[in-house]
1. With each label point set 7 Å from Cα along the Cα-Cβ vector, what nm distance links residue 344 and residue 266?
2. Determine the share of region 16-111's accessible area contributed by carbon and sulfur atoms, expressed in whole percent, with a 1.4 angstrom probe.
3. What is the Cα centroid distance between region 206-266 and region 351-389, reported in whole angstrom?
4. Pop out the ³J(HN,Hα) list for region 359-374 in order, Karplus 6.51 cos²θ - 1.76 cosθ + 1.60 with θ = phi - 60°, rounded to Hz; leave Gly and Pro as x.
5. If we sort 356-366, 318-328, 185-195 on the protection proxy, mean other Cβ atoms within 10 Å, highest first, what's the order?
6. Provide the packing ranking of 511-518, 607-614, i.e. peptides ordered by the mean count of other C-beta atoms within 10 Å per residue, highest first.
7. Can you tell me the relative contact order of region 15-113? Whole percent, Cα pairs under 8 Å, sequence separation 6 or more.
8. Please list 3J(HN,Hα) in residue order for region 64-75, calculated via the Karplus relation 6.51 cos²θ - 1.76 cosθ + 1.60 where θ = phi - 60°; whole Hz, with x for glycine and proline.
Amino acid sequence: MELKSLTSPDLVFVDENFKSKNEAISFLVNKLYENGKVTSEKSFFQAVLDREKLSPTGFEGGLAIPHGKSNVVKEASFAVATVKQPITDWESIDPNNQVKLIFLLAIPESESGSTHLNVLSELVTRLTDETYKQRLISSKDRMELFNNLDADEVKVTSNEMKLNKTILAVTACPAGIAHTYMAAEALVKAGNELGVKVFVEKQGANGIEDRHSAERLKMADAVIFANDVAIKDEERFSHLPKVKTTVATPLKNAKSLIEKAVKLSETESKGEYKSTSNGEGMEDSGKKTWQIEMKDSLLTGISYMIPIIIAGGMTLTAAVFIAQAFGLQDLYQSEGSWLWYLRQLGGGLLGQLMVPVLAAYMAYSIADKPALGPGFAAGLAANLIGSGFLGGMLGGLLAGYFMKWLKKTVQPKGTFAGFVSFWIYPVVGTLVVGSIMLLIVGEPLAWINVSLTNWLDGLSGTSNALILGAVIGAMVSTDLGGPVNKAAYAFCIASMANGNFVPYATFASVKMVSAFSVTGATVLGKELFNKEEKEIGKQTWLLGLAGITEGAIPFAISDPLRVLSSFIIGSMVTGAIVAYYGIELSVPGAGIFSLGLLDGQPILLAGLIWLGAALIGEWVKGTGTLTHQIMEMAMDQSNGVGQSGPKETSGPKEPEPQVG
């Protein structure tokens, strides 16, 4: 990048006298206005001051880079000034910094993505060269300073690698712009000077850049986390000694951080690298295979959805239980009452927020931040067409892969980079994905739901309760929260409205079975499951208590035919038992608290049958799940895979912070 193309001699000033930071900024803003770079001096000055409130723009060694993004900026540009007397009131990363050199960047709002980053990155790269910076500060007049902007730099030469050490680093700041890239540059430069290999992953506004490969993670000796926000996929570095600090520290003393990391690698041995999202399932190019990418996407979505499910389910259950326990049914139904609001809060989390969160973070896992908007839109569309969990899954994958293609096809470069990142990606992604979900996916799923509900209506007229209970049980576990499950739910609610409370009691009991079976299987057969599966198993029993089936999905997708078949058989057994004994439940959404709300038999007997049926079904499902794992491990061993223990699969990609 030619820096002179972004300024002019009329925007270059030497040996100015400024008494304060605000006076310096005001002067440079005025010059940008006089030279036609901004249309409103007052508005741009306020934009720069607003940015100053977020974090220091003073650095070290006499440098300050204030900047502002605003719609009043006509084109990306900067003004630069040196000062006679150092400015001492400029908030800086180095508290002792006395500013002698000021670059004021003016960036149009539409280019606040890549243009901003490119200019900052170029400036930081050059100004980390002390010789280059001193050449600018010592310029005698404006033309000399202007020409020195692009003068041949003294290259920072890498010392011969005196130490046979490889240090990884990750930088991340809240805005994901300036400090992320400056800290990375400082660490690389310090590594070159010390003769240490340093590789830096930037987790910035455009997602993860220069992601550490599996090969690099294996050969690394230590890692430096320079961050003010949570590190994404931090589990990748679990085997390495760690130095943790703020993102500003490398700008002040990057060498000491690297020296500390080197010393730590000598005193603390690193562990064995275990593949997560960069090991098994990776192609030679270092990219995930599509199978692993899809599974990681689903696990990521579920990991962010689980807190929503638990919070919503238990809030709704609390509202129902309070209404039943204290005879407040009228208050529960009275719009605007506190109990009605509590009911709406729980129902809103489950009915409105759960699926969009799932779809958004599935899309995020595939295509990073640009996919969040289209992902939320896909989840909202899934709610609108009544496609439930499976619709959200489909929408999340659709949004993720479409945005991945769009990012590859329409890359944010040049003048319109910001326009592409902040307008093209979210708008085009939302319109395309939302239209497909609403206009193409909606009709088939709606037809499936209506057809299944009508079929169940016909079945309910028979005298054989065993068949109805078994069918409801099978439907609940066929797609674990998808259209088939939702059709069974709609039928049970409709039956309840008509005074038949047996179907919903069956539905409520069956809903606990899948989650219980997953927990039981992972507890009894620990050696058969990997770390991620065991962690999921620890959580799903809680979901089961709330009547939530979705926690079992990660197990079902590993081998749908065998795992789902065991789920369905177990659920059919549970459903048949509950329906046969005529257990009734007139309160939806109560989960395990339904034990105190059952009818159709004496309360203790009803509770024993209802919960006992769920446990019997859990035993059937758990046995099937364990059998599947044993068979899969036997097959792996016969093929020479997994001799040292349970298989390792990739875990979820969790954007900040980890949940569950």
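The values are calculated or read from the model by the stated rules, or taken from the named source; none is laboratory data. Please read these numbers as outputs of a predicted model, since none were measured by experiment. So basically every Cβ, Gly included, is an ideal-geometry build from the backbone, and we count neighbours across all protein chains shown. These area figures cover heavy atoms from the full protein model, side chains too; ligands, DNA and RNA do not enter into them. Shrake-Rupley method; radii C 1.70, N 1.55, O 1.52, S 1.80 Å.
1. Result: 6.6 nm between the two label points.
2. Taking all protein chains in place, region 16-111 shows 43 percent carbon and sulfur surface.
3. 32
4. Residue by residue, region 359-374 yields 5, 5, 7, 5, 5, 4, 4, 8, 10, 6, 4, x, 8, 5, x, x Hz.
5. Numbers: 356-366: 29.4, 318-328: 16.6, 185-195: 21.4.
Ranking, from highest mean packing down: 356-366, 185-195, 318-328.
6. Top of the packing list down: 511-518, 607-614.
7. Working: 202 pairs, mean separation 33.4, N = 99.
It comes to 34 percent, rounded to a whole number.
8. 9, 10, x, 7, x, 10, 7, 6, 7, 7, 7, 8
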